[in-house]
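This report concerns only the one structure given below.
Nothing in this text is a laboratory measurement; each read-out follows from the coordinates by a stated rule. In this text the structure is predicted, and so the values were computed from the model without any measurement. FYI the Cβ positions are ideal-geometry reconstructions off the backbone, even for glycines, and counts take in every protein chain you see.
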Amino acid sequence: MGFNLIRARRYWYALSLLVIIPGVIALFLHGLNLGIDFTGGNVLEANLGQPATVAQVRDVLDAQGIAGLAVNSQIQQSSPTYFVIRMPVLTEDQSNALIGALGKKFGGVTVEQNQKVGPQISGELIQRAFLSILAAAVLIVIWVTIRFEFLQGLAAVIALLHDTLVVTGLFALFRIQVDSSFVAALLTIIGYSINDTIVIFDRIRENRKNVSRGTELEDLVNLSLWQTIARSINTVLTVIFVLTALLLVGGTTIKAMVLALLIGVISGGYSSIFNASPLWVDFKLWERRRRVRRAQEAA
Amino acid sequence: MDGKRILQMVVTLIIVAAAAVAVFAPAAPGLPVIKDIPLGLDLQGGVHVVLQAVGTPEAPVTPDSMKRVQAIIANRVNGLGVSEPVIQLQGSDRLLVDLAGVKNPDQVIGTLIKPAFLEFKNEAGQDVLTGADLQDAQESTSPGGEPVVDLTLTAAGAKKFDAATKAAVAVTPHQTIAIYLDGKLLSKPRVDEEIPNGKAEIHGGFATLQDAHNLAVLLRSGALPVKLSVLESRTVGPTLGADSLSRSIRAGIVGVIAIFLFMLLYYRMPGLVADFALIIYTLIMVGIFAALRVTLTLPDIAGFLLSVGIAVDANVIIFERFREELRSGRSVRSAIDAGFKRGFTAVFDSNATTLIVAAVLYYFGTGEVKGFAVTLGLGILVSLFTAVVITRWLLHVTAEAGLVKNNKIFFGVEGGR
């Protein structure tokens, strides 16, 4: 364990920022590519009876006599007969009329998926997503403060914020669509990353009891990191195996969720080793310096 | 060699193998257990819809009217012949309906939200009968081969109908009685004679007997007391569902085999034991899913596979400790106990935080996300049990059976003293 991970911490912080900053800029410039779960609307996935073009499908939308429907809809063709049509909110009758019209024009239609989310639901979803992440963060700080100490709770939550920003930022940067499962993915990543962080903190807690008084904090944490690094890497690897398999051969409908989990688990593994513990060292050193300064002022 | 330990090993292997056969292998009535797990609508196709009750001054939304709405929707769903439907009140004015395995999901939604308000009107436009006067409605085929719906009226309805038909035949030419459903004219037959027996018939407007059947179901279940609108709906066709299921199963097998190989190659003997414990973990989870009849959806499968990762992690933490103890010169036997003892706080604290997150997901999540949270939470608890109790015991049994001489190398520590 010749290399001191803690003394090199500035490089780790820089690497994190290098990934996070472009994502955050993208987030501010054009936000996330929100799916209908958040925006409200209808998405129809249909397999037509014969090959068609986007223009032909758009003509059918136009002929529905619903003001602005064709203009405000986005039609995506994933095979000669398979179309994904994103539309503003339709009533049941309108949606059924459209399916009927598609079937008539293209010699039959198989509805693979038809989703509708009203604006009311989407508003509640955003609120719930925000609240749940906040609640998870607060509860984790409380738990870590009870079992460890407050500064470790703070460091852990900053590492979690890191993971959330990495995943959200990359999704914003590459315009990957997010739906309600994205929130579940974020929370799972949080759960997973904190898991990693805690295992390292547990080792630090144990080593602090055993190590002789003169040992520098940096060296103690460095030792703890090296003692747990095989486990950290192995654990991330096993989860990566499963997620990669799901991404490559799993169903198309959960691809975005699996991708978010995959990025998040890698980021979580990284932040547990290279952010949470180094940050805690920085916090401890600041605290110590402030105490010394106060003592000097008092003297 | 320790005969008792070897016997325990053999018995464990037989029990787990038997359980695995019961869970996964086909044939035999009631087996395999895995068939008892209901599939969510994203895996077998179906409808998920959230209905919003919209009140009017004449028909406000009350707890009582919502209960009636729920009962009426349940009747309509039964009429459609859907197995294991979910019909739940959500909040004070919403109704959630999940119907798996429906072939024509979009028509079904249309049928569910029909007000089904039936009116019989005389030529003066006065109400003669309404749906409330109905006792029964059945589809049938008229002698002319036309699909019709036969109505049986209540005693009060029969009296009203008798009076109305008597009035209609009292004048020449005889008057008509018009039948409206939700304000739409269905038919307008001319009354030939007085009908005192409380029987009536709706004809016209049915292309097939199925159409007549659908109307009969609607009329039997009664008119909705409030208007319903669709707040959210998701329908998945059966082909897409089947495709998602087979793909997830394939992905799961590939991922789990990768984990097994990795654990075996990296941790050797303990890795093999952990793989065996993972099989037990999977069997327990499938058993719980089947016993609680947890509906399995795509996010659940993802959650389950992720929980396998977490279950492995508990083993990895402990095995790393175990190796350290071995390297420091302990015997295999005492290293197992020391490894578990010192690894336990890490396993406990880390799993507790993940459990907190699962609880948050459950509390704030809706539908699918809630299911995912349950899977994750159950997975954490069961994996704690398998890692701390089962793996430990298995390791002891394996180590003490004395089947291998060079223990330390077998346990993945080079040059153990």
Whole-angstrom gap from segment A:42-115 to segment B:323-382, using each part's C-alpha centre | 48
Taking every other residue with Cβ under 9 Å from the Cβ of B:Thr295 and scoring Lys and Arg +1, Asp and Glu -1, one gets -2
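With +1 assigned to the C-beta of every Lys and Arg and -1 to the C-beta of every Asp and Glu, and no other charges, what is the dipole magnitude of chain B about the Cα centre in debye, to the nearest 20?
Computed charge dipole of chain B: roughly 2040 debye.
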Under the Karplus curve 6.51 cos²θ - 1.76 cosθ + 1.60, θ = phi - 60°, whole-Hz ³J(HN,Hα) for segment A:134-144, x wherever Gly or Pro sits = 4, 4, 4, 4, 4, 4, 5, 4, 4, 4, 5
How much net charge surrounds B:Ile202 when only the other residues with a Cβ under 14 Å from the Cβ of B:Ile202 are counted, with Lys and Arg +1 and Asp and Glu -1?
-> -4
Across segment B:191-196, in residue order, what do the Karplus-derived ³J(HN,Hα) couplings come to in whole Hz, using 6.51 cos²θ - 1.76 cosθ + 1.60 with θ = phi - 60° and x for Gly and Pro?
-> 7, 8, 8, 5, 10, x
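Under a point-charge model restricted to the Cβ atoms of Lys and Arg (+1) and Asp and Glu (-1), what is the dipole moment magnitude of segment B:116-205 relative to its Cα centre, in debye to the nearest 20?
Details: 8 positive and 14 negative charges, 47 e Å.
So the magnitude is around 220 debye.
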Longest exposed-loop-site-free stretch of chain A, with chymotrypsin sites (Phe, Trp or Tyr not before Pro), DSSP loop and at most 15 other Cβ within 10 Å?
-> A:4-173
At the level of C-alpha centres, the distance separating segment A:268-299 and segment A:193-238, in angstrom, is 16
Between A:Val60, A:Val178, A:Val166, find the one with the highest GNM mean-square fluctuation for chain A; connect C-alpha pairs within less than 10 Å.
-> A:Val60
Given springs between every Cα pair under 10 Å in a Gaussian network model of chain A, which of A:Ala159, A:Ala129, A:Ala63 has the largest fluctuation?
-> A:Ala63
In Å, what is the Rg of the alpha-carbon atoms in segment A:41-117, and how long is Dmax?
-> 10.9, 29
Pop out the ³J(HN,Hα) list for segment A:273-278 in order, Karplus 6.51 cos²θ - 1.76 cosθ + 1.60 with θ = phi - 60°, rounded to Hz; leave Gly and Pro as x.
-> 7, 9, 10, 4, 5, x
Extent along principal axes [Cα atoms of chain A; Å; largest to smallest] = 87, 41, 30
Value of relative contact order over chain B, rounded to a whole percent, pairs C-alpha under 8 Å and six or more apart | 20
Any residue on another chain or 5+ positions along whose placed amide H is under 5 Å from the amide H of A:Gln177 is listed here as none
Ranking A:Gly107, A:Asn72, A:Leu165 by how far each Cα lies towards the positive end of the charge dipole of segment A:56-184 (+1 on Lys and Arg Cβ, -1 on Asp and Glu Cβ), the top one is A:Gly107
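Just add up the charged neighbours of A:Ala52: K/R +1, D/E -1, any other residue whose Cβ is under 13 Å from the Cβ of A:Ala52.
+2
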Say the dipole of chain B comes from +1 at the beta carbon of Lys and Arg and -1 at that of Asp and Glu; which of B:Leu112, B:Leu272, B:Leu306 then lies farthest toward its positive end?
-> B:Leu272
Among A:Gly41, A:Gly191, A:Gly214, determine the one that fluctuates most according to a GNM of chain A built with springs between C-alpha atoms less than 10 Å apart.
-> A:Gly214
Pull up all non-local amide H partners of B:Leu231: gap of 5 or more, or a different chain, and H-to-H distance under 5 Å with H placed in the peptide plane.
-> B:Val50, B:Leu51, B:Gln52
If each residue's Cβ is checked for other Cβ atoms within 10 Å, how do A:Arg128, A:Arg290 rank with the fewest at the top?
-> A:Arg290, A:Arg128
Rounded to whole angstrom, the alpha-carbon centroid of segment B:27-83 lies from that of segment B:160-186 at a distance of 37
Sort B:Ser187, A:Ser16 so the one with the fewest other Cβ atoms within 10 Å of its own Cβ comes first.
-> B:Ser187, A:Ser16
Dipole-positive endmost among B:Asn197, B:Gly125, B:Pro63 within chain B (Cβ charges, Cα centre) | B:Pro63
Amide H contacts under 5 Å for B:Leu186, placed H, 5+ residues apart | B:Ile179, B:Tyr180, B:Leu181
